[in-house]
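One structure is given below, encoded as structure tokens.
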Amino acid sequence: MQLPDSFYASRRLIDLVENQTSYELTDSALHIFETHAKAERVELRFGTPVLASMFKGKKIMHLRNRNSFDFLPGESLILPANELMCIDFPEARRDNPTQCLAMEIAEDRIQNVIQVMNEKMTKADGAEWCLMDYNFHFTNDPGIYQILRRLVYLYTENHPSKDFFVSNMLHELVVRILQANSRKTYQNQAKKLSGSHRFAFVVQYIRENLGANITIEELSEKACMSKSNFHKVFRNEFGISPVDFINNERILRASQMLQDSRYCITEIFLTCGFKNRSYFNRMFKRLRGMSPKTYQDRFLHTNA
């Protein structure tokens, strides 16, 4: 993500390690950190829940009760209030700084959004929306990516209605993050939960039948719901339509197969449920940013 010119116009470069530029509003704040030199074990803590999102470079994160992990551009991390982060910057240079956003959101605001979601966005099996398990590390989907871009622009813009604009964007951001967390929970635990959660059962069924012609009618029957209600509740809980979820799972399976030199592209797209090469190419490029052949060549070349 490229930072807007308005950020560089207001920013003062004082520290080489985690130089901080902050923009504060009533119940939220945006901080942009830049590191221009290699460093290890840099500590950082916020007094409110925070979304951290990488723009450029690489960090190695050390958090309590979790193994260390790489934090890369296009990824985000949700942390609770007062969580101590310990961070390494293995690649930061003066001419190539590491850049990261930290978005503080007051817990009262998050709870207000959750209350609205429980009133208007039904989940399957009567469950309620609640605060996610913190330390949620995920890759930004296109919706979250665009919101973060817009928020950076809004915070750095000198507009009289800034508070109002930011408030609306933060509401959407919280909704999308909770949906992403719900989606990832089902994806990671589908098999374990499939006996007691109808959507987990549906996810597991999709994965076991990717090569077949999966219809919404079929999935709604598996979930014991009407077609219209299934589609609505699925979108509420996952943040995407059932068709988009199926395509995401097919492209994930295709990506795994493209990393194996035993499979040709024709075999891959047919195995993953795509009827023709043209549609497979378009869908793969939309979700992976490159053609299947480019992805295959790049991966196999890297591991040659």
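The values are calculated or read from the model by the stated rules, or taken from the named source; none is laboratory data. Note that this is a predicted model, so its numbers are computed, not measured. Because the Cβ atoms are built from the backbone with ideal geometry, glycine has one as well, and the counts that use them run over all protein chains shown. We work out accessible area using only protein heavy atoms, side chains counted, and drop any ligands, DNA or RNA first. Shrake-Rupley method; radii C 1.70, N 1.55, O 1.52, S 1.80 Å.
Taking Ala254 as the residue in question, decide whether it is in contact with a Lys or Arg (Cβ under 8 Å, 6 or more places away or on another chain) and either among the aliphatic types (A, V, I, L, M) or open to solvent by 60 Å² or more (accessible area, probe 1.4 Å) (or both). Outline the logic, then answer.
Numbers: in contact with a Lys or Arg (Cβ under 8 Å, 6 or more places away or on another chain): no; either among the aliphatic types (A, V, I, L, M) or open to solvent by 60 Å² or more (accessible area, probe 1.4 Å) (or both): yes.
In short, no.
With respect to Phe55, is the statement that it is open to solvent by less than 50 Å² (accessible area, probe 1.4 Å), in contact (Cβ under 8 Å) with a residue 24 or more places away in the chain and over 24 Å from His159 (Cβ atoms) true?
Working: open to solvent by less than 50 Å² (accessible area, probe 1.4 Å): yes; in contact (Cβ under 8 Å) with a residue 24 or more places away in the chain: yes; over 24 Å from His159 (Cβ atoms): no.
So Phe55 does not fit the description; no.
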Tally time: how many residues in region 213-245 are hydroxyl-bearing (Ser, Thr, Tyr) and assigned to a helix (DSSP H, G or I)? 2
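Each row is one residue, and each column tells you yes or no for (1) of a type outside the set (Phe, Trp, Tyr); (2) open to solvent by 70 Å² or more (accessible area, probe 1.4 Å); (3) over 30 Å from Glu104 (Cα atoms).
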{"position": "Ala200", "(1), (2), (3)": "yes, no, yes"}
{"position": "Tyr205", "(1), (2), (3)": "no, no, yes"}
{"position": "Ile214", "(1), (2), (3)": "yes, no, yes"}
{"position": "Glu221", "(1), (2), (3)": "yes, yes, yes"}
{"position": "Asn236", "(1), (2), (3)": "yes, no, no"}
{"position": "Ile246", "(1), (2), (3)": "yes, no, yes"}
{"position": "Arg262", "(1), (2), (3)": "yes, yes, yes"}
Go through region 154-166 and report how many residues are part of a helix (DSSP H, G or I) and in contact with a Phe, Trp or Tyr (Cβ under 9 Å, 6 or more places away or on another chain). 5
Among residues of region 246-294, those that are assigned to a loop (DSSP other than H, G, I, E, B) and without any contact (Cβ under 8 Å) to a residue 60 or more places away in the chain, counted: 12
Positions within region 1-42 being farther than 23 Å from Asn96 by Cβ, among the charged types (D, E, K, R) and not in a loop (DSSP other than H, G, I, E, B), in sequence order: Glu24
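Considering each of Asn82, Asn67 in turn, give the residue that is in a loop (DSSP other than H, G, I, E, B), out of contact with any Cys (no Cβ under 6 Å at 6 or more places or on another chain), farther than 28 Å from Ser241 by Cβ and free of Cβ contacts under 8 Å to residues at least 12 places away in the same chain.
Asn67
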Do you know which residues across region 265-280 are farther than 18 Å from Met290 by Cβ and open to solvent by 60 Å² or more (accessible area, probe 1.4 Å)? Thr266, Glu267, Leu270, Thr271, Lys275, Asn276
Cβ contacts < 6 Å: first residue farther than 18 Å from Cys272 by Cβ, restricted to region 190-208; second residue in a helix (DSSP H, G or I) and of a type in the set (S, T, N, Q), any location; separation 6+ or different chain. Result? Lys191/Gln204; Ser194/Gln204
For region 91-127, how many residues are within 21 Å of Arg183 (Cβ to Cβ), open to solvent by less than 80 Å² (accessible area, probe 1.4 Å), assigned to a helix (DSSP H, G or I) and out of contact with any Lys or Arg (no Cβ under 8 Å at 6 or more places or on another chain)? 7
Could you figure out which of (1) within 24 Å of Met1 (Cβ to Cβ); (2) in a helix (DSSP H, G or I) isn't true of Met132? (2)
Residue under evaluation Asp297, criteria (1) farther than 30 Å from Leu193 by Cβ; (2) touching a helix residue (DSSP H, G or I) at 6+ places or on another chain (Cβ under 9 Å); (3) in a helix (DSSP H, G or I), criterion not met: (2)
Considering residues of region 1-52 that are under 22 Å from the mean Cα position of the chain (by Cα) and aromatic (Phe, Trp, Tyr) only, the residue least open to solvent (accessible area, probe 1.4 Å): Phe33
Please give the number of the condition Leu210 fails out of (1) more than 21 Å from Pro142 (Cα to Cα); (2) open to solvent by 10 Å² or more (accessible area, probe 1.4 Å). (2)
Output for region 160-170, where each listed residue is of a type outside the set (A, V, I, L, M, F, W, C) and loosely packed, with under 13 Cβ neighbours inside 10 Å: Pro160, Ser161, Asn168
